[in-house]
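All remarks here apply to the structure that follows.
Just so it is clear, none of the values below were taken in a lab; they were calculated from the coordinates. Worth saying up front: this structure is predicted, and the values here are computed from it rather than measured. Cβ: placed from backbone, ideal geometry, glycine included. Neighbour counts: every protein chain shown.
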Amino acid sequence: MPPRKKSIYDLSFMPWVVCLIAAVFYSYDFLLRVQPSVMIHPLMQFYGTNAAGVGLLSAFYYYAYTPLQIPAGLLLDKYSTRLVLTISALLCALGAYIFATINVYTLALIARALMGIGSAFAFIGALKLGARWIPQKNYALFVGIASGLGTVGAMFTDTILSGMVVYLGWQEAVLITAYIGLAIAVLITLIVKDKPNHLEEPTTREFRNWSHTFYRLKLIFKNSRFWINGIVGGLLFIPINVFASLWGVGFLKQAYALTDHHAAIATSLIFFGSAVGGPIAGWISDLIKKRKTLLFVGAFGTFLLTLIILFENNISNLTLYILLALLGIFVGAQILVFSIAREISPPRSTGTSSASTNFLVTMGAAIFQPLIGYLLVKFWDGTFQAPGIPFYSLVNYRDALLLVPAGLAIAFVLIFFIPETNCKLQHKVLKKPH
């Protein structure tokens, strides 16, 4: 048999290029999910709604995104990753275009849902490609990098997009993000490849038929430790998915007298810290061969810093910025739940296990974003800061956001019930389902 002709994908850096392009799509996903946080007041005025209405508008992304996590994993385990990611990027772009050009609140909800549908495949697709292209010894590092790139998208929203909202208007700013989605779809089509040339697919069809796919899903769902691991991930991510992604800007304005734009920049420091902390947590975890130790450190540090930021009255702006960045760094340890999920799940189920975990992680945002908006309205005293814009006081924000440290405290306790994998795959060879 003649030797296989080498291609560009045989170059040593190409596995990282392929996987990082998918991670860039996840960065775009994060940009879309946090968009409403930098346009809360314009959205209230434009649609004539309140905090609860904006919270619902933001959460509609998650109402589509979260239920689709498990189907997304199944589809990515069965079909071409490149094809699935290309279609999903186009759906994101379409949702952003509708959101920017239609002025009906109900259609805006549908547009946010479309963004959620497309984004549902981004992170899972990146992890799927990482499992195929990146060595196991570097997998947690890649998950950290992918998660970090996601928060870079949120940083772009808080810094660049927030300024665009001020100078161009929120609709023009969102329209530009639609064009970015289109460009990412083209990039995925041209460069991403499903697997390296040396990777052999199973010689039997059992891993590729639906009966085996659902059999692996059943094994995952029957594992109580898998559920606990995902719930921990969801609770640890609340400072990102709920505070930084939506309500942090409003709180920082009231607590520290920042402008909209400066509050958005301050909030971006959480995303910056997470972008740094995720890869560091993955690297250290791979180095010491421990997962739970870093989860404990991350949960405790996140809990303590959240309490200080929410309830300490005498913090200078410089100290605040340092605390916000540190908060993001400690949150970065949350990415380890995806490595644990892969290590305790059946073979050839990276997409499904990652998606199921991400389903539980994003449930936190789907529940807590509108719940905090509801509590703000409930605690509101009826005053307005401008026509059509309710005024929510610092006390209102603190009462509503108390849910964040409460969730982190629960996460710390639940970590005790997660298995320590020592960075090794725990699954055994699967038997064919009867």
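Here are the numbers for the structure shown:
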| quantity | calculated |
| --- | --- |
| Rounded to the nearest 20 debye, dipole of the chain from Cβ charges on Lys, Arg, Asp, Glu | 1940 debye |
| Cβ-based charge dipole, the stretch 1-115, positive-most Cα from LEU114, GLY48, ILE8 | ILE8 |
| Long pairs among LYS195/LYS222; LYS78/LYS128; LYS137/LYS195; LYS218/LYS290; LYS78/LYS218; LYS195/LYS290, criterion Cα-Cα beyond 22 Å | LYS195/LYS222; LYS218/LYS290; LYS195/LYS290 |
| Sparse-neighbourhood loop sites, trypsin sites (Lys or Arg not before Pro) in the stretch 275-372 - DSSP loop, at most 14 other Cβ within 10 angstrom | LYS289 |
| Descending principal axes extents, the stretch 9-161, alpha-carbon based, whole Å | 55, 32, 22 |
| Span from the the stretch 282-307 Cα centroid across to the the stretch 336-388 one, whole angstrom | 20 Å |
| Computed [θ] at 222 nm, deg cm²/dmol, the chain (DSSP H ≥ 4; -39,500 (n - 2.57); rounded to nearest 500) | -23000 deg cm²/dmol |
| Residues TRP133, TRP380, TRP170, TRP247, sorted so that the one with the fewest Cβ neighbours within 10 Å comes first | TRP380, TRP133, TRP170, TRP247 |
| Relative contact order %, the chain, counting alpha carbon pairs below 8 Å whose residues are six or more apart | 26 percent |
